Amino acid sequence: MKVPSSDGVVVTVHDLGGSGDPFLICHATGFLGRIYEPMALDLVSRFHVYALDFRGHGDTPRPANDNFDWGGMADDLEAVIPELTDEPLPVFGHSMGGAVAMLVEERKPGTLRSAYLYEPIIVPAVVTPGFTNGDNNMMATTARKRRPSFPTKADALFRYASRPPLNGLQASALFAYVEHGFREDADGTAWLKCAPEDESATFAATGKATVDNVTKVQTPTVIAVGVDDGSWSPSMFGPGIVDAMPHAVLERHPKLGHFGPLQDPAAIAEAILASEP
């Protein structure tokens, strides 16, 4: 499905199967909707599962005006939802995707029926140093240094499988990332669909969600977090988000990291299903 959004962006939405109520997956920065196919396999018994690609990610083109503001990401999601249903929608959001879902619900209360958010980037009102806007954002700096291409997809898969952080992904999720997250030239050269400079721009962009954005969100929400070992990580945000929201609960997955839904897709799918009434 192709859905027009703002800034001339046409959002790609992938149908991952199932026959129940529509359920939408919102991916993390640098990833894409189809990387969650392994998780969707355990959701299709209950839902008709869809996954979108935000602007500059996967099969959705980058905005011609270079607008990676997270408000633009919210435009993408807000455009997609009415194409799936005219009823409140259950969603899954990972990292950026979870934050964007909350930005949309803040804009249009009642859009979401429920939300399962894994380590959403909803930061304290006083911005955390690692998530500042602009080029001093440490995640933006790291993303800008990513290797943009490999001789073949097989080379990319071998590289990622042999070193952190992506070697921690379940094999099926890592395969989905390489299979769907790269485009191939005629000679087989594989290029990241989300170019390093666009991933970097997404991390550095303005418009990120803060706890102030969620204080009035009435959606029943699970805030899931991975291991909290005292070091700096997005899992630190979880308790503060739950405290700020009227109808949120905290769920811990101490054996998983920030890539939890891609490390153990079945476990997160089971938790999503358990959270739904």
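Tell me which of these T189 doesn't satisfy, since it passes every other one: (1) more than 27 Å from P22 (Cα to Cα); (2) touching an Asp or Glu at 6+ places or on another chain (Cβ under 8 Å); (3) free of Cβ contacts under 8 Å to residues at least 60 places away in the same chain.
(2) is the only condition that T189 fails.
Which of the following residues is buried (at least 22 other Cβ atoms within 10 Å of the Cβ), more than 13 Å from A205 (Cβ to Cβ) and either in contact with a Cys (Cβ under 6 Å, 6 or more places away or on another chain) or acidic (D, E) (or both): D42, D59, D53? Explain how you work it out, then say what you get.
Working: D42 fails: buried (at least 22 other Cβ atoms within 10 Å of the Cβ); D59 fails: buried (at least 22 other Cβ atoms within 10 Å of the Cβ).
On inspection, the qualifying residue turns out to be D53.
Quick check on my filter: what residues within the range 212-232 are buried (at least 19 other Cβ atoms within 10 Å of the Cβ) and aliphatic (A, V, I, L, M)?
Residues satisfying the conditions are V214, V217, V222, I223, A224, V225.
For the range 72-93, which residues satisfy the criterion of being of a type outside the set (D, E, K, R) and either modelled with pLDDT under 95 or within 19 Å of G30 (Cβ to Cβ) (or both)?
Of the residues in the range 72-93, the ones of a type outside the set (D, E, K, R) are 72-74, 77, 79-82, 84-85, 88-93.
Result: G72, M73, A74, L77, F92, G93.
Quick test for you: out of G226, G260, G240, pick the one residue that is within 16 Å of S95 (Cα to Cα) and touching a Leu at 6+ places or on another chain (Cβ under 6 Å). Before you say what the answer is, go through the steps one by one.
Details: G260 fails: touching a Leu at 6+ places or on another chain (Cβ under 6 Å); G240 fails: touching a Leu at 6+ places or on another chain (Cβ under 6 Å).
Step by step, each of G226, G260, G240 is checked, and only G226 is within 16 Å of S95 (Cα to Cα) and touching a Leu at 6+ places or on another chain (Cβ under 6 Å).
Within the range 1-39, restricting attention to residues that are among the aliphatic types (A, V, I, L, M) and out of contact with any strand residue (DSSP E or B) (no Cβ under 6 Å at 6 or more places or on another chain), which residue is surrounded by the most Cβ atoms within 10 Å (Cβ to Cβ)? Reasoning before the result, please.
Going through the range 1-39, the residues among the aliphatic types (A, V, I, L, M) turn out to be 1, 3, 9-11, 13, 16, 24-25, 28, 32, 35, 39.
Within this subset, residues satisfying the condition of being out of contact with any strand residue (DSSP E or B) (no Cβ under 6 Å at 6 or more places or on another chain) are 9, 35, 39.
Details: V9: 24, I35: 30, M39: 28.
Taking the candidates together, the pick is I35.
Name the residues in the range 217-235 that are assigned to a loop (DSSP other than H, G, I, E, B) and at pLDDT 95 or above, would you?
Of the residues in the range 217-235, the ones assigned to a loop (DSSP other than H, G, I, E, B) are 217-220, 226-233.
If the condition is that a residue be assigned to a loop (DSSP other than H, G, I, E, B) and at pLDDT 95 or above, then V217, Q218, T219, P220, G226 are the ones that fit.
Which residue, of G72, G98, G93, G56, is in a strand (DSSP E or B) and either touching a strand residue (DSSP E or B) at 6+ places or on another chain (Cβ under 7 Å) or farther than 23 Å from V222 by Cα (or both)? Break it down stepwise before answering.
Values: G72 fails: in a strand (DSSP E or B); G98 fails: in a strand (DSSP E or B); G56 fails: in a strand (DSSP E or B).
Matching residue, one of G72, G98, G93, G56: G93.
Based on what the data block shows, is F47 touching a strand residue (DSSP E or B) at 6+ places or on another chain (Cβ under 6 Å), surrounded by 24 or more Cβ atoms within 10 Å (Cβ to Cβ) and within 23 Å of V222 (Cα to Cα)? Break it down stepwise before answering.
On the way: touching a strand residue (DSSP E or B) at 6+ places or on another chain (Cβ under 6 Å): yes; surrounded by 24 or more Cβ atoms within 10 Å (Cβ to Cβ): no; within 23 Å of V222 (Cα to Cα): yes.
No; evaluated as a whole, the condition is false for this residue.
Please work out which residue is farthest from C194 (Cα to Cα), limiting yourself to the range 1-44 and to residues that are charged (D, E, K, R) and in a strand (DSSP E or B).
Narrowing the range 1-44 to residues charged (D, E, K, R): 2, 7, 15, 21, 34, 37, 42.
Adding the requirement that they be in a strand (DSSP E or B) leaves 2, 15, 21.
Details: K2: 18, D15: 20, D21: 30 Å.
Taking the candidates together, the pick is D21.
Among the candidates E179, E184, E197, which residue alone is in contact (Cβ under 8 Å) with a residue 24 or more places away in the chain and under 25 Å from A40 (Cα atoms)?
On the way: E184 fails: under 25 Å from A40 (Cα atoms); E197 fails: under 25 Å from A40 (Cα atoms).
Selected residue: E179, the only one of E179, E184, E197 that is in contact (Cβ under 8 Å) with a residue 24 or more places away in the chain and under 25 Å from A40 (Cα atoms).
Are there any pairs, at least 6 apart or on different chains, whose C-beta atoms fall under 6 Å, with the first in the range 152-168 and within 17 Å of F182 (Cβ to Cβ) and the second of a type in the set (G, A, S) and loosely packed, with under 14 Cβ neighbours inside 10 Å, and if so, which?
So the pair list comes out as T152/G188.
When you scan the range 119-181 for helices (runs of 4 or more DSSP H) that lie fully inside it, which ones turn up with 3 or more residues that are at pLDDT 95 or above, out of contact with any strand residue (DSSP E or B) (no Cβ under 6 Å at 6 or more places or on another chain) and more than 30 Å from G240 (Cα to Cα)?
Numbers: elements: 138-144, 153-161, 171-181.
Passing ranges, in order: 153-161, 171-181.
The values are calculated or read from the model by the stated rules, or taken from the named source; none is laboratory data. The structure displayed is predicted, hence computed values, not measured ones. Note that we place each Cβ from the backbone using ideal geometry, even for glycine, and neighbour counts take in every protein chain shown.
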